[in-house]
Amino acid sequence: MPELRKDPVTGRWVIISTRRRKRPNDFRIERSTALGGDYCPFCPGHEELTPSEVLAFRNGSAPNGPGWDLRVVPNKFPALQVEGTLDREGEGLFDRMNGIGAHEVIIENPDHAKTLASMTEPEIERILWAFRERILDLKRDRRFRYILVFKNHGAAAGASLEHSHSQLIALPIVPDFVREELDGAKQHFAAKERCVFCDIVRQEIAADRRIIQEDADVVAISPYAPRFPFETWILPRRHGARYEDAPRNEYEGLARMLKSVLARMNRTLESPAYNLIIHSSPFTEETTDYYHWHVELMPKLTRTAGFEWGTGFYINPTSPEEATEVLRNARL
């Protein structure tokens, strides 16, 4: 029989539909493949095809040329723009403001064929450190209230270029999805004087039903009420509200865990497209007591359709317990 499960943070309901039960080989998976880089604007030697870099990890080479390990550049077609003032006005019921923000691309590696899963742990850690560097720089702009870091891997997940890259968008408002998490975490803290994410980590470790992998710094779990099949959360064991304030060892642990979890997904789900999102606290609010930064990883195995758009419920054909078993037992 199908189950309705409630997310303990946001209160969002999902349907675990056992009648639609699917094992990994039952999904129509759109694989992510790397194509040739002859005309790729992110490949070394093509730096003139991108805006000037705002950050680069180099081996003594000159800016905006070859000889780099990682580059961060403004998006050539930004969703929001840096220039201008943050003006807000309305028309009766309608509210609007200028599209002020920042939109950057993190070109993760000079090798066109490498994916996040095939990079070394130090290469992944370098990417995570670049996220931190850009957040720390952009948060000094008083117009910005929230910075979202995300990765679309594969065309089915929204990537328009094959060369491995992530994106960062600084926003003048806090997104509704983030607000839902903040409000839910705040309510839990008001009732129990504990962080809900810390409680999730403790309960999942004790029960050991949805733990995919754990080490001294981070833990990877299949969340109790996942929106999508094989959705995975990676949480630091240490409580901390902001990604950019994490100690170095947590970036090292996150790099190890990301590589392992992605390898497990590639082995069991045939290298699926996926979305990766870093959930962190707005830097204009004091959330230290009750919020807990983390990473959410969602393979693109199903499509959102009318029921989901009409109700806000998600139908997931794979239980998190089954997903955990499959990923745990993947041969690495």
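Only the coordinates and a few stated rules stand behind these numbers; no lab work does. The model shown is predicted, which means the values in this text are computed figures rather than measured ones. Counting neighbours? That spans all protein chains shown, and the Cβs are built from the backbone with ideal geometry, glycine included.
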Given H placed 1.01 Å from N in the peptide plane, which residues other than close sequence neighbours of R237 have an amide H under 5 Å from its amide H? V218, V219
Whole-Hz ³J(HN,Hα) for each residue in the stretch 243-260, computed from phi via Karplus 6.51 cos²θ - 1.76 cosθ + 1.60 with θ = phi - 60°, x for glycine and proline: what do you get? 4, 5, 9, 5, x, 4, 5, 6, 5, 4, x, 5, 4, 4, 5, 4, 4, 5
Could you point to the residue in N152, L182, P229 farthest towards the positive end of the chain's charge dipole, with +1 and -1 charges on the Cβ of Lys/Arg and Asp/Glu respectively? P229
As a test, work out the antiparallel percent of DSSP beta bridges whose residues both lie in the chain, rounded to the nearest 5. 90 percent
Let me make sure I get this right: for the stretch 158-212, a, b and c are the square roots of the gyration tensor eigenvalues over alpha carbons, sorted descending. Under 1.5 in a/c it's rounded, otherwise prolate if a/b > b/c, else oblate. Which is it? oblate
On a full-extension model of 0.36 nm per residue, what is the gain between D87 and I173, subtracting their alpha-carbon distance, rounded to one decimal in nm? 29.7 nm
Each label sits 7 Å from Cα toward the beta-carbon; between L136 and E48 the label points are separated, in nm, by 3.5 nm
Select from the stretch 73-110 those trypsin sites (Lys or Arg not before Pro) which occupy a DSSP coil region and have at most 13 other Cβ atoms within 10 Å, ordered by residue number. K76
Hey, what does the equivalent ellipsoid look like for the stretch 232-332, semi-axes from the Cα gyration tensor as sqrt of 5 times each eigenvalue, largest first, whole Å? 26, 21, 11
Nearest-20 debye value, the stretch 175-332 charge dipole, Cβ charges on Lys, Arg, Asp, Glu: 520 debye
The ³J(HN,Hα) series, computed from each phi in the stretch 217-234 with the Karplus coefficients 6.51, -1.76 and 1.60 at θ = phi - 60°, rounded to the nearest Hz and given as x for glycine or proline, is 10, 9, 9, 10, 10, 8, x, 4, 10, x, 6, 10, x, 6, 4, 10, 10, 10
Go through the stretch 72-78 residue by residue and turn each phi into a ³J(HN,Hα) via Karplus (6.51, -1.76, 1.60, θ = phi - 60°); whole Hz please, and just put x for glycine and proline. 10, 10, x, 5, 5, 10, x
Any idea what the dipole of the chain comes to, in debye rounded to 20, about its Cα centre with Lys/Arg Cβ at +1 and Asp/Glu Cβ at -1? 960 debye
Neighbour count of at most 11 Cβ within 10 Å plus DSSP loop: longest GluC sites (Glu not before Pro)-free window in the chain: 84-192
For the stretch 212-249 versus the stretch 115-146, the gap between their alpha-carbon centres in whole angstrom: 17 Å
Checking the a/c ratio against 1.5 first, then a/b against b/c, what shape does the Cα gyration tensor give for the stretch 101-181? prolate
